[in-house]
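J.: Sharing a structure below in structure tokens format, with a few things to ask.
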Number of protein chains: 2
Amino acid sequence: MKQNKNPTFRHVALSGGVGGAKLVVGLNEVVAPEQLCIIANTGDDFEHLGVHVSPDLDTLMYSLAGLADPETGWGVTNETWDFMAALEELGADTWFRLGDRDLATNVERTRLLDSGMSLSQVTEKLCEQLAIATHIVPMTDGRLRTMLQTEDGLLEFQDYFVRRAAQPRVSGVVYDGAGSAEGSPAALEALACPDLEAVLLTPSNPYLSIDPILAISDIRSAIKALDAPVIAVSPIVGGRAIKGPTAKIMNELGVDVSPVEVARHYRDIVDGIIIDQADTDCMEQIAAMDVAVISAQTVMKSMTDKIELAGIAIEFASTIRSRTEGDGNVGSVAG
Amino acid sequence: MKQNKNPTFRHVALSGGVGGAKLVVGLNEVVAPEQLCIIANTGDDFEHLGVHVSPDLDTLMYSLAGLADPETGWGVTNETWDFMAALEELGADTWFRLGDRDLATNVERTRLLDSGMSLSQVTEKLCEQLAIATHIVPMTDGRLRTMLQTEDGLLEFQDYFVRRAAQPRVSGVVYDGAGSAEGSPAALEALACPDLEAVLLTPSNPYLSIDPILAISDIRSAIKALDAPVIAVSPIVGGRAIKGPTAKIMNELGVDVSPVEVARHYRDIVDGIIIDQADTDCMEQIAAMDVAVISAQTVMKSMTDKIELAGIAIEFASTIRSRTEGDGNVGSVAG
């Protein structure tokens, strides 16, 4: 598929949905889109109303196509809900809401999957149709489903996240299928590119969005074996998550809600981390873990914020790269 | 299912979509809805965009629920098309158009079928949800698909009817699966009701909408064995079909486009036929076939038209019933 058309990726980002997509949109502006590969979490995927829903793939696609709803970050702008309204009148399940336009994406994805195409191939086709130059690829073409061990029992991701609004107390996260899942060919190929300059872990939820990707052993080993620096952006700012249940889950799992814990969580994988300017008091602790660290404005509200943070991440990677090439000292406080 | 709840049907109608649904709407007003059973053609059913589409069941449901689009006769009123518009942007198949609200019916039907329910059970559930008192039942819970032998080859029904707009010349109609299809339990049960007063063949297309039902051998035998009179309403008026390709198909099959041919087509099954007031010159010819015949205003434009024709059909059946009970003379020109 991509092999011949795009022999060279220079930047790879691992991303979940809304939070990660913001940085991805910025990256899309500061690096060459055709040399940027986004490896998307598909641990949230599920079958619902007869269709294969890939929430993170869609959020990334809609964000890069300029279609994303600016209010929610997910779904498409100017969405309509007549399908859901009619479904409700029929007494059907409506806890997971698919807008009329979003449904079309899911129906077409399902049709293509049923025709025998892999999720990678389907995603490539949808991206082409939406004129997205950046390569969005699923982490795997196989089945890996994130599940939550909670006080209400073991829950499927969307059951926990949407139906129960992330309310049940979490005691563990399970990546069902991780033992046998293989990275998608496009993801592995991107990570094998000799010209790779940086791999970014976007500020998506580490447990629910990035870890499922890292739970795939060949992706994890490929990332660990990289020469290119791996940079994370902390989703924790001032002791809180910018969005979603990250902080709540960290609390429930008994870890401090702090960028220090994010760095600790990622330390086997990353060379550097970008923390928020509100958390500069954490820098020494992180540096002591042999993780390079800089602070920046990480809360992305405007397009300018996204572009600036993406630029800082690329620059940080470049600094680490040159330093590693120089004297191998990657564990200091940078910037 | 129905057995205990509804031991007694007094009227049964066989129907396809738009044309038949008009008479069904009238019947629903002139007889007790809970004693009226509509056996719907499902030969047009097909799988499309991952859902099980049952066009005639839906047209009947929407018509009786007062939801049908008054312009087209099919689909729902105030329908929106955002799903199709988005699908088109994705470059997907859009030749068969499912509105946002109509899609909900099809998605819910498919979900219920996938959960193991029969089409009869699913239809009953949908009708309950739409508060329809009349019993709409599929002709079969099995698979019988109408196909057209045409100059373009053997075509699936919707391919012929919608995608090709009924343009290819037809040389034959095939009811694929008819050999093994069984009537749905609810349909057979309705036809076995001892208090049955009339069975009506609505003015749907005889070849494409009524014949698929009659191609199911246990339904056909049950109808032939009935004491209750079987009455057809001719869909041909003044040498033309009121709607759809009936006249075109009759021409292509080499038969006269005339109520006489409709009567000849149904003569094994029916005791009487209602032809249009424009076709009174055909009455003697039809009576000579031992088929009772009356003329009426059969073009149903208003609700009043539908109610009047339904009343005439019920009255005609009553006349034939009393005459049969009297002297067995059913072959004369009545009314």
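The values are calculated or read from the model by the stated rules, or taken from the named source; none is laboratory data. All of these numbers come straight from a predicted model, not from anything done at the bench. Cβ placement follows ideal geometry from the backbone for every residue including glycine, while neighbour counts extend to all protein chains displayed.
J.: Name the residue that is nearest to the other protein chains (Cβ to nearest Cβ), counting only residues in region A:126-142 that are part of a helix (DSSP H, G or I) and surrounded by 18 or more Cβ atoms within 10 Å (Cβ to Cβ).
T.: So the residue we want is A:126.
J.: Does any residue in region A:222-244 that is among the polar types (S, T, N, Q) come within less than 7 Å, Cβ to Cβ, of a residue that is in a strand (DSSP E or B) and modelled with pLDDT of 95 or more six or more places away or on a different chain, and which pairs are these?
T.: Correct list of pairs: A:234/A:273; A:234/A:274; A:234/A:275; A:234/A:276.
J.: Another question, if that's okay. Looking only at region A:300-327, filter to residues that are modelled with pLDDT under 95 and surrounded by 15 or more Cβ atoms within 10 Å (Cβ to Cβ); which one of those is nearest to residue A:30 (Cα to Cα)?
T.: It comes out as A:321.
J.: Search region B:143-168 for residues being of a type in the set (S, T, N, Q) and not in a strand (DSSP E or B), and hand back the single one that is surrounded by the fewest Cβ atoms within 10 Å (Cβ to Cβ).
T.: B:167
J.: Is there any pair with a first residue in region A:296-325 that is free of Cβ contacts under 8 Å to residues at least 24 places away in the same chain and a second that is surrounded by fewer than 16 Cβ atoms within 10 Å (Cβ to Cβ) and part of a helix (DSSP H, G or I) whose Cβ atoms are under 6 Å apart and which are 6 or more apart or on different chains, and what are they?
T.: Cβ pairs passing all conditions: A:297/A:277.
J.: For region B:100-125, give me each residue that is more than 21 Å from residue A:47 (Cα to Cα) and surrounded by fewer than 23 Cβ atoms within 10 Å (Cβ to Cβ).
T.: Within region B:100-125, B:118, B:120, B:121, B:124, B:125 qualify.
J.: Can I ask one more? Run down B:49, B:57 and say which single residue is of a type outside the set (Phe, Trp, Tyr), crowded, with 20+ Cβ neighbours inside 10 Å and at positive phi. Quick ask: steps written out before the conclusion?
T.: Numbers: B:57 fails: at positive phi.
Exactly one of B:49, B:57 is of a type outside the set (Phe, Trp, Tyr), crowded, with 20+ Cβ neighbours inside 10 Å and at positive phi, namely B:49.
J.: Counting only residues that are of a type in the set (D, E, K, R) and part of a helix (DSSP H, G or I), which one in region B:281-320 is nearest to the chain's Cα centre (by Cα)?
T.: Per the criteria, the residue is B:306.
J.: Considering each residue of region A:154-207, count those that are basic (Lys, Arg) and within 23 Å of residue A:48 (Cα to Cα), and give that number.
T.: Result for region A:154-207: 2.
Okay, residues lined up against (1) polar (S, T, N, Q); (2) under 26 Å from residue B:120 (Cβ atoms):
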| site | (1), (2) |
| --- | --- |
| B:150 | yes, no |
| B:154 | no, no |
| B:159 | no, no |
| B:163 | no, no |
| B:168 | no, no |
| B:171 | yes, no |
| B:181 | no, yes |
| B:186 | no, yes |
| B:190 | no, yes |
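J.: From the residues in region B:77-94 that are closer than 19 Å to residue A:101 by Cα and β-branched (Val, Ile, Thr), which one is surrounded by the most Cβ atoms within 10 Å (Cβ to Cβ)? Quick ask: steps written out before the conclusion?
T.: Initially, region B:77-94 is screened for residues closer than 19 Å to residue A:101 by Cα, giving B:78-94.
Checking which are β-branched (Val, Ile, Thr) leaves us with B:80, B:94.
Numbers: B:80: 19, B:94: 17.
Top of the filtered list is B:80.
J.: Please specify each residue of region B:52-63 satisfying the condition of being of a type outside the set (S, T, N, Q) and out of contact with any strand residue (DSSP E or B) (no Cβ under 7 Å at 6 or more places or on another chain).
T.: Hits for region B:52-63 are B:52, B:55, B:58.
J.: Same structure again: Of all the helices (runs of 4 or more DSSP H) wholly in region A:18-124, which have at least 2 residues that are among the hydroxyl-bearing types (Ser, Thr, Tyr), out of contact with any Lys or Arg (no Cβ under 6 Å at 6 or more places or on another chain) and away from chain B (no Cβ under 12 Å)? Steps first, please.
T.: Values: elements: A:18-30, A:55-64, A:82-89, A:100-114.
The qualifying helices (runs of 4 or more DSSP H) are A:55-64.
J.: Now for a separate question. Here are some residues: A:75, A:66. Which one is touching a residue at least 24 places away in the same chain (Cβ under 8 Å) and not hydroxyl-bearing (Ser, Thr, Tyr)? Show your work before the answer.
T.: On the way: A:66 fails: touching a residue at least 24 places away in the same chain (Cβ under 8 Å).
Of A:75, A:66, the one residue that is touching a residue at least 24 places away in the same chain (Cβ under 8 Å) and not hydroxyl-bearing (Ser, Thr, Tyr) is A:75.
J.: I've got another one for you. Only one of (1) crowded, with 20+ Cβ neighbours inside 10 Å; (2) modelled with pLDDT under 95 is not met by residue B:97, so which one is it?
T.: (1)
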